[in-house]
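Bear in mind these aren't lab numbers, they're just calculated from the coordinates by the rules spelled out. The structure displayed is predicted, hence computed values, not measured ones. Using ideal geometry, Cβ is built from the backbone for each residue, glycine included, and neighbour counts are taken over all protein chains shown.
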Amino acid sequence: MISTVAPLKIAILDDYADVAVNMADWSDLGDITVFRDTLKDESALIQRLHPFEVLCLMRERTPLPGRIIRALPNLRLIVTSGLRNLSIDLAAAAERGIPVSGTEMRKTMTAELTMGLTLALERRIVVEATSLTASGWQIGLGRDLHGLTLGLVGLGKVGQQMATLGRAFGMRVAAWSQNLTAETCAAHDVNYCDSLHGLLAQSDVVSVHLVLSDRSRGLIDSAALSAMRPTATLINTSRAAIVDTVELLTCLRQGRIAGAALDVFEREPVAADDPILDNELIKSGRLLLTPHLGYASQQTFKMFYAQMAEAVAAWKARSPIRLLS
């Protein structure tokens, strides 16, 4: 007897690198549609997602506030990468009886990228490589990390990994955050600072590792940037809104700090007319930009998509799934 049950309609959102289909076994789950772009217009997004029963999200690339969840009558399951996604209105999903499932998260990739950006910025790797490929040669001098002070704004899991990496390069490591204690710093062989401006004033490289919250939003403002040394650099792989980007660009253009490397942006993907794409700063090597690569690695995405597919399969089979809370 031929089944008349319609296949499950599944949307995989924001697959920028076009890898989702090949990184997991999606067979027999339903009709899979992959979207590689991010729609910012809510009405267009609702129209796009209207037919789908299952949405597979990549982190916070496409937010799902309550007004969107309530506008999708066919939606029955949300699956996100990671076990925390603040861009999903969990209460609205619960009101509709829609389970929200998450995946595990690997722990090392953001710290690795942050140290890579630090090395690339300090040693001028990108601009020097660009000079070579344009038939040029050395056009400036970078500085090595040994003997510099790494200032960590936040000493959570990523901050602790950065402390280990910094010491491996011979850096002195100091840290500050609102709730950080001298005892915690001592446990991780990190120098404790009792104020943000005190940390910034003594650091050669400042790296941000805080969760975005009301307390951290706009924390690195004009006054904080003014506390930094003119030879210092700033690395942000956390959340864009923690740093006042307008003031950061002003500081860079005026030479009040030496450089910055950013992996996170207020609007992603970055629009072609975004002021952050300052060609002069980029060409000079004072500004290094990467397209939110902090968690984007082969191993991580294989885990994300495999566990997303497993969650959909388990939900179809009415088996327990890992839920966000």
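Remarks
- Sequence-distant residues sharing a close amide H with Ile235 (under 5 Å, placed H): Val206, Ser207, Val208, Ala261
- DSSP finds beta bridges in the chain, and of those with both partners inside it, around 5 percent are antiparallel.
- Computed from backbone phi, the HN-Hα couplings of the range 108-116 come to 9, 5, 5, 5, 4, 5, 4, 5, x Hz, rounded to whole numbers (Karplus: 6.51 cos²θ - 1.76 cosθ + 1.60, θ = phi - 60°; Gly and Pro given as x).
- Under the criterion of Cα pairs below 8 Å and six or more residues apart, the relative contact order for the chain equals 17 percent.
- Computed about the Cα centre, the dipole magnitude for the range 109-289 is approximately 320 debye when only Lys and Arg (+1) and Asp and Glu (-1) carry charge, each at its Cβ.
- For Met171, the residues whose amide H sits under 5 Å from its own are Gly147, ignoring neighbours fewer than 5 places away on the same chain, with H placed 1.01 Å from N.
- The fewest-to-most ranking of Ile68, Ile242 by surrounding Cβ atoms within 10 Å reads Ile68, Ile242.
- The mean sequence distance of close C-alpha pairs (under 8 Å, at least 6 residues apart), as a share of the length of the range 109-289, puts its relative contact order at 20 percent.
- Across the range 179-191, computed HN-Hα scalar couplings (Karplus, 6.51 cos²θ - 1.76 cosθ + 1.60, θ = phi - 60°) run 9, 6, 10, 4, 5, 5, 4, 4, 5, 10, 6, 10, 6 Hz from first to last residue, x flagging Gly and Pro.
- Dipole magnitude of the chain about its Cα centre (Cβ charges: Lys, Arg +1; Asp, Glu -1), debye to nearest 20: 360
- Distant-in-sequence amide H partners of Thr103 (H built 1.01 Å from N, under 5 Å): Thr80, Gly82, Leu83
- Angle in degrees between helix 157-168 and the longest Cα principal axis of the chain, rounded to the nearest 10: 40
- Sequence of His50, His209 once ranked by neighbouring C-beta atoms within 10 Å, starting from the fewest: His50, His209
- Residue-count net charge about Gln178 - beta-carbon cut-off 12 Å; Lys, Arg +1, Asp, Glu -1: -1
- Computed helical MRE - 222 nm, the chain, DSSP H runs ≥ 4 contributing -39500 (n - 2.57), nearest 500: -9500 deg cm²/dmol
- Going by neighbour counts of Cβ atoms within 10 Å, the residues Asp31, Asp278 line up, fewest first, as Asp31, Asp278.
- HN-Hα J in Hz across the range 129-141 - Karplus 6.51, -1.76, 1.60, θ = phi - 60°, x for Gly and Pro: 5, 5, 4, 4, 5, 9, 6, x, 9, 5, 10, x, 10
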